[in-house]
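Reviewing the structure listed below.
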Amino acid sequence: MSDTDKKSPSNFIRDIIDSDLSSGKRAEVITRFPPEPNGYLHIGHAKSICLNFGLAKSYSGKCNLRFDDTNPAKEEQEYIDSIQNDVAWLGFDWGGEALYASDYFEDMYEWAKRLIKADLAYVDDLTAEEIRAYRGTLTTPGKESPYRTRSAQENLELFEKMKDGEFPDGAKTLRAKIDLTSGNLNMRDPVMYRIVRAVHPRQGDKWCIYPMYDWAHGLEDSIEGITHSICTLEFEDHRPLYDWFLNQLPELHHPRQIEFARLNINYTVMSKRMLMQLVKDKHVSGWDDPRMPSISGMKRRGYTPESIRDFCGRIGVAKVASTVDIALLEHCLREDLNKRALRRMAVLKPLKVVIDNYPEDQVEWFDGENNPEDPESGTRKIPFSRELWIEQDDFREEAPNKKYFRLAPGKEVRLKHAYYIKCVDYKKDESTGEILEVHCTYDPASRGGGTDDGRKVKGTSHWVSASHGVKSEVRLYSHLFSAETPGAATGNFLDDIDADSLEILTDALVEPALAEEAAFAGVQFLRQGYFCVDPDSTKDRPVFNRTVTLRDTWAKVEKQG
């Protein structure tokens, strides 16, 4: 059984749905995920995707993927394509063609005319700035626009002229006529339509008036028969408006809007505006930069759909906003990768080792397990020769203390899957202090990692054969921001970008099996961490992105708690 098939624990949204079903108020569950195609999806959207699609699945219902494409000035086909790819990659199926708000523009236009005829909407000539000023504040009521008393007939004629392109952008808007004294600012004659001349990704230049979200939202849900319209908490104050619009068209199906707290994670930002700024100002390489919290960036870094779904399931849904520790997200990732990632050896900062008593032309092949957590994953062949590469950090000219178990003059270590070797000499560049190579001897009786004499060697090093290793590029990614809450200290989130969040190693050596892995394949470099094959990778020049280190801070905190 997959994680998406499991019955999720109860929460306040499920309690509402259960009540609606048991009372007969609803006979089925139909949800929707309604992204605006003005950017790429991020981990916050993943929470909503898992919630909406998960609810539909567990109640044997349906979840629509619907694009809220009502703002053509910011929308592109690139975003539409990326959103569909991300939702599918996360493991969800919307059951056919995606839906679009723009497919309902004609209906929305006709319903707007009905409100005008009922004297519930009017065409206003105030500018956006004037509308804001007239709307008042939380402590002062709004005041009427001088155009609020236009007749229904005049408003109809002006609205049709707006649609026909007879007025310039921003010259007029259509506003609902509700209550300028309401304590909810959203109810103070909100704008329903504005004039925007922009090429729409699907409608082209057919329309020059576009519906505002608050007007379109409920109508889209109604047309699609949505039973439970699940939104993030910032739309709670918009719910009375959502209901008001639908109440003016009583023959329409009336969904129930429910709000939950959006996802916040420390050491990152979730604002689409901020993420767009990071991309456009080239602080990152693009939306799929592995340091981005975008779904495409997380995929490129090596996150798995299973780990993201597990994370979203663990954090649950709540009515109160909070911030989740990024260590929990990384913990979910490590747990998943530990089960599925193949183990491989890679030397990131190479130091040559010469085994003086090993035959010069000899090559041996050792069996290495692919994943100790998965016995069915089998083994692979690893070449061994006289000259090897080990990590620079695995050798010291002098052992710093008694607990140092790596190579040093006179010390012995175990080479993973191979032999015991003992350091007998080393060469050094006296002018720079750089260690050039280490000379060792090996014990032929220790093949496979043990001896009959019972001696114990505590240190184990990974290695790569010098004549077989494949030169690779390794990109060491860490958090993009150095502060838990970017921008909290200065007011500008860009001030907290970590200039050292990416280190590129161009001389890494990996065992030959790694050169065969496909793009996005996740592997564990022994003792180093989890890595992912980057799409830039080629067989002659593999490229690996560090997904996450081996150390799991969340597991420690959870155990202590």
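Looking only at the stretch 319-326, decide whether some residue is buried (at least 23 other Cβ atoms within 10 Å of the Cβ), of a type in the set (Ser, Thr, Tyr) and not in a strand (DSSP E or B). Within the stretch 319-326, none of the residues are buried (at least 23 other Cβ atoms within 10 Å of the Cβ), of a type in the set (Ser, Thr, Tyr) and not in a strand (DSSP E or B).
Among the residues of the stretch 426-469, write down those that are small (Gly, Ala, Ser) and either modelled with pLDDT under 95 or assigned to a loop (DSSP other than H, G, I, E, B) (or both). If you could, list the steps in order and put the result at the bottom.
Taking the stretch 426-469 as the starting set, the residues that turn out to be small (Gly, Ala, Ser) are 431, 433, 445-446, 448-450, 454, 459, 461, 465-467, 469.
Scanning the stretch 426-469 gives 431, 433, 445, 446, 448, 449, 450, 454, 459, 466, 467, 469.
Annotation: of all residues in the stretch 409-458 being polar (S, T, N, Q) and loosely packed, with under 11 Cβ neighbours inside 10 Å, the one that is farthest from residue 384 (Cα to Cα) is 431. Scanning the stretch 162-196 for residues that are surrounded by 17 or more Cβ atoms within 10 Å (Cβ to Cβ), in a helix (DSSP H, G or I) and touching a Lys or Arg at 6+ places or on another chain (Cβ under 7 Å) yields a single hit, 162.
Per-residue answers, yes or no, for (1) without any contact (Cβ under 8 Å) to a residue 40 or more places away in the chain; (2) assigned to a loop (DSSP other than H, G, I, E, B); (3) in contact with a helix residue (DSSP H, G or I) (Cβ under 8 Å, 6 or more places away or on another chain):
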{"site": "353", "(1), (2), (3)": "no, no, no"}
{"site": "358", "(1), (2), (3)": "no, yes, no"}
{"site": "388", "(1), (2), (3)": "no, no, no"}
{"site": "397", "(1), (2), (3)": "yes, yes, no"}
{"site": "400", "(1), (2), (3)": "yes, yes, no"}
{"site": "403", "(1), (2), (3)": "yes, yes, no"}
{"site": "410", "(1), (2), (3)": "yes, yes, no"}
{"site": "421", "(1), (2), (3)": "no, no, no"}
{"site": "424", "(1), (2), (3)": "no, no, no"}
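Quick check on the stretch 510-528: of everything there that is among the aliphatic types (A, V, I, L, M) and assigned to a strand (DSSP E or B), which residue is nearest to residue 471 (Cα to Cα)?
For the stretch 510-528, the residue satisfying everything is 510.
Only residues that are surrounded by 22 or more Cβ atoms within 10 Å (Cβ to Cβ) and of a type in the set (S, T, N, Q): list them for the stretch 530-545, please. Answer for the stretch 530-545, where residues must be surrounded by 22 or more Cβ atoms within 10 Å (Cβ to Cβ) and of a type in the set (S, T, N, Q): 537, 545. Within the stretch 493-512, being surrounded by 19 or more Cβ atoms within 10 Å (Cβ to Cβ) and in contact with a Lys or Arg (Cβ under 8 Å, 6 or more places away or on another chain) holds for 508, 509, 510, 511. Taking the stretch 77-121 as the range and being touching a strand residue (DSSP E or B) at 6+ places or on another chain (Cβ under 6 Å), under 26 Å from residue 173 (Cβ atoms) and not small (Gly, Ala, Ser) as the test, the residues that pass are 100, 108, 115. For the stretch 324-376, filtering for residues that are aromatic (Phe, Trp, Tyr) and out of contact with any strand residue (DSSP E or B) (no Cβ under 9 Å at 6 or more places or on another chain) leaves 0.
Can you tell me how many residues in the stretch 38-70 are out of contact with any Asp or Glu (no Cβ under 7 Å at 6 or more places or on another chain) and either within 19 Å of residue 234 (Cβ to Cβ) or of a type in the set (Lys, Arg) (or both)?
Step one: of the stretch 38-70, the residues out of contact with any Asp or Glu (no Cβ under 7 Å at 6 or more places or on another chain) are 39-40, 42-60, 62-63, 65, 67, 70.
From what is left, the residues that are either within 19 Å of residue 234 (Cβ to Cβ) or of a type in the set (Lys, Arg) (or both) are 39, 42-49, 51-52, 57, 62, 70.
So the answer is 14.
Checked against (1) more than 26 Å from residue 16 (Cβ to Cβ); (2) surrounded by fewer than 19 Cβ atoms within 10 Å (Cβ to Cβ); (3) polar (S, T, N, Q), residue 248 passes all but a single condition, namely (1). A Cβ distance below 7 Å, combined with a sequence gap of six or more or placement on separate chains, defines the contacts here; from the stretch 473-500, residues that are free of Cβ contacts under 8 Å to residues at least 12 places away in the same chain reach no residue that is in a strand (DSSP E or B). The selection criterion, being at positive phi and out of contact with any Ser or Thr (no Cβ under 8 Å at 6 or more places or on another chain), does not hold for residue 272. Selection of first residues in the stretch 199-213 that are touching a residue at least 40 places away in the same chain (Cβ under 8 Å) and of second residues that are of a type in the set (Lys, Arg) and assigned to a loop (DSSP other than H, G, I, E, B), restricted to Cβ pairs under 9 Å at least 6 apart or on distinct chains, gives the following pairs, ordered by first then second residue: 200/206; 208/197. Quick check: is even one residue across the stretch 127-150 of a type outside the set (D, E, K, R) and touching a residue at least 60 places away in the same chain (Cβ under 8 Å)? Yes: the stretch 127-150 contains one or more residues that are of a type outside the set (D, E, K, R) and touching a residue at least 60 places away in the same chain (Cβ under 8 Å). Within the stretch 55-77, the residues that satisfy the criterion of being without any contact (Cβ under 8 Å) to a residue 60 or more places away in the chain, buried (at least 22 other Cβ atoms within 10 Å of the Cβ) and touching a helix residue (DSSP H, G or I) at 6+ places or on another chain (Cβ under 8 Å) are 63, 65, 67. Listed here are the strands (runs of 3 or more DSSP E) enclosed by the stretch 197-281 that have at least 2 residues being in contact with a helix residue (DSSP H, G or I) (Cβ under 9 Å, 6 or more places away or on another chain), of a type in the set (S, T, N, Q) and closer than 26 Å to residue 95 by Cα: 228-232.
For the stretch 101-129, filtering for residues that are of a type in the set (Val, Ile, Thr) and either outside the structural domain of residue 214 (by TED's automatic domain parsing) or more than 19 Å from residue 188 (Cβ to Cβ) (or both) leaves 0.
The values are calculated or read from the model by the stated rules, or taken from the named source; none is laboratory data. Note that the structure is a prediction, hence the values are computed from the model and not measured. Every residue, glycine among them, receives a Cβ derived from its backbone with ideal geometry; neighbour counts consider all protein chains shown.
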